[in-house]
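**Student:** Dropping the structure in here first, questions after.
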Amino acid sequence: MAVHWRLRSFLAKKGIFTATAFQKRILKKTGTLISLQNLCNYMNRRPSLLRLKTIEIICTSLDCSLEDLCTVKPFKINDKSEKKLSFKNTPHAKRSLKKFPNPNNYE
């Protein structure tokens, strides 16, 4: 999934350039304190995990929606991929060179 995280550019449009200023705005608007380290992480890179409560706090403090902060696009799936059989994946040195014996030849 292609997630494009644009929190830093959105904050720049609002005139917020540091995590401290962002923290003060969140505290003023919502009364909630988020650590500076978490805010720096959210500003500098795409978070791998973000709680819904945190998204709600950020969007409330910035008067925006989640669509303003990020976009999610599905990744492309290759439909032409073929399933490989295990025989084809086995190296030639490990393949059995003899054919299976015919059971009718035994007494």
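**Student:** Determine the pairs where a residue that is within 27 Å of Ile55 (Cβ to Cβ), located within the stretch 69-85, has a partner that is loosely packed, with under 10 Cβ neighbours inside 10 Å and modelled with pLDDT of 70 or more with Cβ atoms under 8 Å apart, the partner being 6 or more residues away or on another chain.
**Tutor:** If the second residue must be loosely packed, with under 10 Cβ neighbours inside 10 Å and modelled with pLDDT of 70 or more, the pairs left are Val72/Ala2; Lys73/Ala2; Pro74/Ala2; Phe75/Ala2.
**Student:** Go through the stretch 54-107 and report how many residues are at pLDDT 90 or above and not in a helix (DSSP H, G or I).
**Tutor:** So the first thing to find is which residues in the stretch 54-107 are at pLDDT 90 or above, and the list is 54-71.
Cutting the leftovers down to not in a helix (DSSP H, G or I) gives us 63-65, 70-71.
Within the stretch 54-107, residues that are at pLDDT 90 or above and not in a helix (DSSP H, G or I) number 5.
**Student:** Another question about this same structure. Cβ-Cβ under 7 Å, sequence separation 6+ or interchain: first residue in the stretch 30-55 and within 16 Å of Thr18 (Cβ to Cβ) and of a type outside the set (D, E, K, R), partner modelled with pLDDT under 95 and assigned to a loop (DSSP other than H, G, I, E, B). Which pairs?
**Tutor:** Asn41/Pro47
**Student:** Then there is this: Does Ser48 satisfy the criteria of being surrounded by 10 or more Cβ atoms within 10 Å (Cβ to Cβ), modelled with pLDDT of 80 or more and not basic (Lys, Arg)?
**Tutor:** Here the answer is no, as Ser48 does not meet what is asked.
**Student:** Just need a number here: residues in the stretch 9-27 that are touching a residue at least 12 places away in the same chain (Cβ under 8 Å), surrounded by fewer than 16 Cβ atoms within 10 Å (Cβ to Cβ) and not in a loop (DSSP other than H, G, I, E, B).
**Tutor:** Number satisfying all stated conditions: 1.
The values are calculated or read from the model by the stated rules, or taken from the named source; none is laboratory data. Note that the coordinates shown come from a computational prediction; the quantities given were computed from them, not determined experimentally. Ideal geometry is used to build each Cβ from the backbone, glycine not excepted, and the neighbour counts take in all protein chains shown.
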